[in-house]
Amino acid sequence: MLPMMRNQTLKSWRSAEQWLLGSMVLALAMAAFIWLVLGPAPAAPAYLTAVVLLIASLLASLIMMLRVGTTRRQMEAVLHGRARAEQHAIEALRYSEAQWKEVFEHNPVMYFMVDAAGTVLSVNTFGAAQLGYSVSELLGQSVLKVFPAEEQRAAQSNVAICLENIGQTHSWEIRKVRKDGSALWVRENAKAVRRVDNQLIVLIACEDITERKDAENALRQSEMYQAEAQRLSHTGSFGRRVGSGEIIWSEETFRIFGFDKAPSVQLAAVMQRIHPDDRARVQRTIDRASIDEKDFELGYRLLMPDGSVKHVHATAHTVADASSGIEFVGAVTDVTARKQAEVELHEAQTNLAHVTRVTALGEMAASIAHEVNQPLAAVVTNAAACLRWLDREPANLKEARGTLRSIINDGNRAGEVIQRVRALVNKTTDRKALHINEVVNEVMSLVHHELFSHRVALRLDLAPALPPVLADRIQLQQVILNLVVNGIEAMQQVKDRPRELVIRTLQDETSQVLVTVSDVGVGVAAENADRLFDAFFTTKSSGMGMGLSICRSIVDAHGGRLSASGNTGPGATFQFTLPLHREDST
């Protein structure tokens, strides 16, 4: 169009030049004609006037022709410049159009243009390929074709919202379906605009967010699993920024402390929930960990609004936050049920130990009676002898005094036996520094008759000058007594060899006191070595194992270890260790 206009303009200027040139030729022809008709040098005024007019016309035509030529050349230069600029603009426009077409077709964003009815007017190659289609397969089709049935109503509603708000951008997340039936999540940004032909269209840009959605779903599921695991284990997590004092809790932590869920809590509110007796200790621990930038672990109690008490255990690890500050990340566990179970277990163990001691005393009633009868019989005999010495004339006071001293010693022996029996029945525990050899000898005085009645030879190999141990005398007596009774029972069926029980004490290589009780009975099977100490476990052949569970509990409570093993020859050996008593531990 523009080149045609330029050509017409140039033609018009050439026609003007030709007209001026024709006018000059006509004027010259008229001058020649006048010259020929009138002759040379006429004097008539009309002649002069005609000549002047002709000459003026020629000059005016010449001047106009020159100006028209100059103007035409300038016009041509201007038009040629415009032509070149227009050509450059057209080439730039074509290049820009190619670039935008490249962007539209291959930009990793799905572009759709749909009309008010939802028919696809345009779609880029990338968008069609992402859905498994070619561009031709989507053009002229309903845009609902790329949505699953359950999302089509939402898609229609979104397009309607855009048409109601022309020029406004709207965003939403929705699922689409590929040609092969697989689904993908997209984020759509859409705007309704009016074309030059007054047609309403909706421009839609779709971003594939399937990976993000999958990650969000995985995170949501992980958080759900974590919350459920924390609820089942009564363990909550927390984070504390030392600089700001802000504390972040998990849902289970809020439940443990009895607080309503909030974005964060302050340390002051937490400290108010801690039991007053534990508050200062907890504050010192937190302050020291914050200053030293070290991990911490502690247990404390919570005083709940209803007056109940919870036992919790917290552990925290230090990490550096984004601002190079210190942050504690840790966990807090509600151990109330465990604490209650420990108390109940301790009470049950105490009661069981009491029953076991009483049962053991019942089994050794004959031995105890024998031990008591011996000093009592001696008292009676010595008293009769004392009377005889006093009845003599004169009375033999020297012998009578000796007899009375024997009566006193026998009475003390009987009192010691009764005292040990009463202590064995008593439930109370009292740990003191004591010598293990003394405890062994005290138990031997109780089982002497039992050993004799079962024809068991006792051999004591007690290391002298052993360091003391910190223990409860009565509980250690029970352990040794149970081990001896088990050894006696293990040898009941032995007929082909002497029955011998060996008790040794020594200090082992770990600087602990070691006590061993060895028999020559039926022995211990390797698979039963650990099970012997389980509650209610006994061997079929001899009943070995009765009372061993409570023995292990007692030894463990003293910081020692109880174990059993088979001998190289016949029989088994039970041994336990106890840590040495140190003055700084009292």
Notebook entry, point to check: surrounded by fewer than 12 Cβ atoms within 10 Å (Cβ to Cβ) and modelled with pLDDT of 80 or more, is that true of Ala268?
Noted result: yes
Margin query: Being out of contact with any Gly (no Cβ under 8 Å at 6 or more places or on another chain), open to solvent by less than 30 Å² (accessible area, probe 1.4 Å) and either within 14 Å of Ala192 (Cβ to Cβ) or in the same structural domain as Glu188 (by TED's automatic domain parsing) (or both): is that true of Val123 here?
Written below: yes
Notebook entry, point to check: Taking the condition under 17 Å from Val335 (Cα atoms), open to solvent by 30 Å² or more (accessible area, probe 1.4 Å) and not in a helix (DSSP H, G or I), does Phe238 pass?
Noted result: yes
Next item on the list: Go through the stretch 281-294 residue by residue and tally those that are farther than 20 Å from Asp334 by Cα and either at pLDDT 90 or above or of a type outside the set (A, V, I, L, M, F, W, C) (or both).
Entry: 7
Checklist line | Residue check for Ala395: part of a helix (DSSP H, G or I) and either over 60 Å from the mean Cα position of the chain (by Cα) or at pLDDT 80 or above (or both) | finding: no
Note to self: Just checking, does the stretch 187-207 include any residue being more than 23 Å from Ala116 (Cβ to Cβ) and open to solvent by less than 40 Å² (accessible area, probe 1.4 Å)?
What the structure shows: no
Notebook entry, point to check: Residues Thr285, Thr333, Thr315: which one is touching a strand residue (DSSP E or B) at 6+ places or on another chain (Cβ under 6 Å), assigned to a helix (DSSP H, G or I) and over 16 Å from Ile248 (Cβ atoms)?
Noted result: Thr285
Next item on the list: Among the candidates Val265, Val242, single out the residue that is in the same structural domain as Ala289 (by TED's automatic domain parsing), touching a Gly at 6+ places or on another chain (Cβ under 7 Å) and aliphatic (A, V, I, L, M).
Entry: Val242
Check: Within the set of pairs 6+ apart or on separate chains, which have a first residue in the stretch 497-510 that is touching a residue at least 40 places away in the same chain (Cβ under 8 Å) and under 19 Å from Leu483 (Cα atoms), a second that is of a type in the set (Phe, Trp, Tyr) and open to solvent by less than 10 Å² (accessible area, probe 1.4 Å), and C-beta atoms under 8 Å apart?
Finding: none
Margin query: Which residue is nearest to the chain's Cα centre (by Cα), if the candidates are limited to the stretch 439-492 and must be part of a loop (DSSP other than H, G, I, E, B) and without any contact (Cβ under 8 Å) to a residue 60 or more places away in the chain?
Written below: Leu466
Item checked: Single residue of the stretch 291-312 satisfying the filter (among the β-branched types (Val, Ile, Thr) and part of a strand (DSSP E or B)) that is most open to solvent (accessible area, probe 1.4 Å) -> Val309
Margin query: Given the criterion modelled with pLDDT of 90 or more and of a type in the set (S, T, N, Q), identify the matching residue among Asn158, Asn124.
Written below: Asn158
Note to self: Name the residue that is nearest to the chain's Cα centre (by Cα), counting only residues in the stretch 247-265 that are open to solvent by 60 Å² or more (accessible area, probe 1.4 Å) and acidic (Asp, Glu).
What the structure shows: Glu251
Notebook entry, point to check: Of the residues that make up the stretch 289-299, is at least one under 17 Å from Ser237 (Cα atoms), among the hydrophobic types (A, V, I, L, M, F, W, C) and in contact with a Ser or Thr (Cβ under 6 Å, 6 or more places away or on another chain)?
Noted result: yes
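The values are calculated or read from the model by the stated rules, or taken from the named source; none is laboratory data. Quick caveat: nothing in here was measured; it's all calculated off a predicted structure. Glycine gets a Cβ as well: all are built from the backbone with ideal geometry, and neighbour counts include every protein chain shown. Surface areas here come from the heavy atoms of the whole protein model, side chains and all, with no ligands, DNA or RNA. Shrake-Rupley method; radii C 1.70, N 1.55, O 1.52, S 1.80 Å.
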